[in-house]
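Have a look at the structure below before the remarks.
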Amino acid sequence: MTLLLLEPLQQYPPEDLSPTLVALQATQKILPPPHPVWLICPQVWDQLCSGVIPLWQAACDRWQEMPPNASDLKALALQMTHQLPPLDLGELETVFAACHHFWQQQGGESHLVLTSYLWQETQDLPWSIGSGTVLRYPSLPLCHQAIEKTFAALVRAKNLYLYWQQGWDFCQIKVAILLYPLSSIVASGWWIGTDPTFRAIAGGVALPHQGIPLPPRGIDLTPVQEQQLQQACRGASSHLWVWHRSQTQVWWGQCLPEPQGRTLPLKPLERTLIAEGIAAAPGQAIAPALVVTEPCAPAAVAGRILVTKTIPPHWLPLVNAAVGVICEQGGLTSHGAILARELGRPAVVGVANATQRISSGMTLFLDGQRGAIYQLPSEPLPVVATPSPQTASPPAVKRLPLQIMVNVSQVNALRLLPSLPCDGIGLLRSELMLFAFLDQRHPCHWLEQGEAEQLRDRWVQHLWEFMRAIAPRPLFYRTLDLRPADYRQLLGGHRFEPETDWGLRGVSRYPHCPELFHLELSALAIAHRLETCPLRIVLPFVRSVSEVVYCQKALAEHGLTASAGVQLWVMAEVPAILFLLADLAQLGIAGITIGTNDLTQLLLGIERETALPELNEDHPAVRRAIAQLIREAKAHHLGCSLCGEAPAHYPHWLPWLIDLGIDSISVSPEVVTQVLAQL
């Protein structure tokens, strides 16, 4: 067992630190933060990795003859992860007690920030290789778990590939973790001393470890505070800095090794239209292209426009790292389009032969609003990403004829909720949410390896984030609808997923894998106890009454019943539901959620990843099915919601749905204000 060693950053010998940590050490002497800052010493990683170095060396010997594929990297990552010894609490208990004392003194919310720094000799490695974590209301066990997770992330398959690809000597890499507490702060932001316009302001805690910074909004720095920061980082101004601001003070929180410029070119761009497709996610980006046909390390995609044939959900880290997305296949309801919208990445899908027409390194201007892709001159240009502008909230109205909710799956999307006049989360896509914390492993693989509790804890943490962000408004949580094609690509997936993609969809899987279903319900029950958020559990892909009866019994075992304030709903997306609604109403379900994406593809016999513009939700057959579902739901006194983008795309849908008497609709966060404007 390895002992955790922590020291105050200011007391650590500069000669044993990375260049960025030395710069941070110097600036915090000039502009000291109001909280203590600790460093988990590099010696901890030296001890942890000693047992995995032989595995790495043996793998590199094999790769000299044949480069690794995804399976090789995943197998090595799993082997190395299991070889990492557990961490003893060591000095963490004392440090956490000091953090707790700071939170008590400051009052307000408590956060704990952890960021990993990697370097080799005197060269910093990109911060995108490491990880940054902000724990809200942390406990000592949660902090300990987060540190172990941060170290384990260094031997993930994506990072192993990057070490090998870039020629970095894994055996010589140094790692330190910066740790410090925060209480309630007014804002956090990014800064490059040579470019004072490079600032991203956001309420609460916002750190640049997930993609491109947000545009300035809300609160800003005063001229005096800007001057303080400029003077403090003199001599290291080209680094990417993180600042925090309280009501009375501003200070440097972190220093990162690689700045990202955002200055737009002064003269008009010379551009050539090279391709067009479906505008799937708004916003614009200027960056080099990276054509990807096989999964690669997210760090290789960072600052690039991702160009690929299709985007399966397990490519979430790639979409998150990219500044924009171009996809040959897919439509507005494809997984790539959904992820891009939630992560705020401009995207164009359905671009024929994109991977042949675009080559890596080509400088592109991607317009996700118009669905256009332009080639720019070859001279160097700064990487620029502009997410869709945040539309101002419309004036408050006395009463709306229906409720407007949002569809989400990624915690990143929660940044929009405080400014959105929505009535709740109308659909939390759990199977997409899981990709954020599965570490590229099938959930049944976690169970097989005896790591059910670790998986449940991650599940609870994510659920709590969503519940806390939306409470006291309701959250509609759709239980797992594992699509075999998506989950087959994960570690262990080929053993747990059937060859056919339409067999074990939705609730039909639960009796075949009760351990996973009960683990999910356990996570829901814990999160529901932690946060008083009205919970609506929605069963996906229901095809028979017996499936719902099975789920009701399982829910009751975990206390997820009406008496506990939990409602049970079902997805109305399989055409069979048209003939089962009366029977389901007798079982006591509270309502139905009409899923337009799956209902459309099943009624019309199309694939959601294939763009066929003439076959869409506005097809007469789909509209008649929706009308029948709403009328029958009202007849049986069931709640009725509709999830999908159709109300935003077709102006005639809103008045039509209102006339039918629907209770609510749920759309992507970026179109909420558009729908409200139509109302």
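Where a number appears in this text, it was derived from the coordinates with a stated rule and is not lab data. Note that the structure is a prediction, hence the values are computed from the model and not measured. Cβ placement follows ideal geometry from the backbone for every residue including glycine, while neighbour counts extend to all protein chains displayed.
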Completion exercise
So the angle from the long Cα axis of helix 620-635 to the longest Cα principal axis of the chain, reported in degrees to the nearest 10, equals 80
Completion exercise
Interchain or sequence-distant (5+) residues whose placed amide H lies within less than 5 Å of the amide H of residue 441 are 491
Handout entry: Too-long pairs where the Cα-Cα distance tops 31 Å, listed order kept, from 74/553; 553/634; 309/553; 29/74; 29/158
Key = 74/553; 309/553; 29/74; 29/158
Problem - Anisotropy class of region 272-387 from Cα gyration tensor, a/c 1.5 cut - result: rounded
Completion exercise
So the compactness index of the chain, its C-alpha Rg divided by 2.2 N^0.38 Å, takes the value 0.96
Problem - Listed residues 494, 433, 476: farthest to the positive end of the dipole of the chain (Cβ charges) - result: 476
Fill in the blank from the handout: Any GluC sites (Glu not before Pro) in region 1-97 that lie in a DSSP loop and have at most 12 other Cβ atoms within 10 Å would be 65
Handout entry: Cα-based helix-to-principal-axis angle, 452-470 vs the chain, degrees rounded to 10
Key = 80
Handout entry: C-alpha long axis of helix 53-63 to longest principal axis of the chain, angle in °
Key = 70
Practice task
Only Lys, Arg, Asp and Glu count, each charged at its Cβ (+1, +1, -1, -1), so figure out the dipole size of the chain about its Cα centre, rounded to 20 debye.
Solution key: 1380
Completion exercise
Asserting the computed 222 nm helical MRE of the chain (DSSP H runs at least 4 long, -39500 (n - 2.57) per run, divided by residue count, to nearest 500) equals -10000 deg cm²/dmol
Exercise for the section: Would you order 520, 499, 557 from fewest to most other beta-carbon atoms within 10 Å of each residue's own beta-carbon? Expected result: 499, 557, 520
Fill in the blank from the handout: Calc'd 3J(HN,Hα), region 101-109, phi into Karplus 6.51 cos²θ - 1.76 cosθ + 1.60 (θ = phi - 60°), Hz, glycine/Pro = x, comes to 4, 4, 5, 5, 5, 7, x, x, 6
Fill in the blank from the handout: Looks like region 100-141, by Cα gyration tensor root eigenvalues a ≥ b ≥ c and the a/c under 1.5 rounded cutoff (else prolate when a/b is bigger than b/c, oblate otherwise), is prolate
Exercise for the section: Starting from the Cα of residue 149, draw a straight line to each of the aspartates and glutamates and keep only those under 12 Å, dropping any in the same chain fewer than 8 residues away. Expected result: 439
Practice task
Just check region 405-678 against the gyration tensor rule for me: Cα atoms, a ≥ b ≥ c as the square roots of the eigenvalues, rounded for a/c under 1.5, and otherwise prolate or oblate depending on whether a/b exceeds b/c.
Solution key: rounded
Completion exercise
Once the dipole of the chain is set up from charges on Cβ (+1 Lys and Arg, -1 Asp and Glu), the residue from the list 417, 560, 52 lying farthest towards its positive end is 417
Handout entry: ³J(HN,Hα), Karplus 6.51/-1.76/1.60, whole Hz, each residue of region 574-586, x for Gly, Pro
Key = 8, x, 4, 5, 4, 10, 10, 4, 4, 5, 5, 4, 5
Problem - Whole-Hz ³J(HN,Hα) from phi, Karplus 6.51 cos²θ - 1.76 cosθ + 1.60, for region 343-349, glycine and proline x - result: 8, x, 9, x, 8, 10, 10
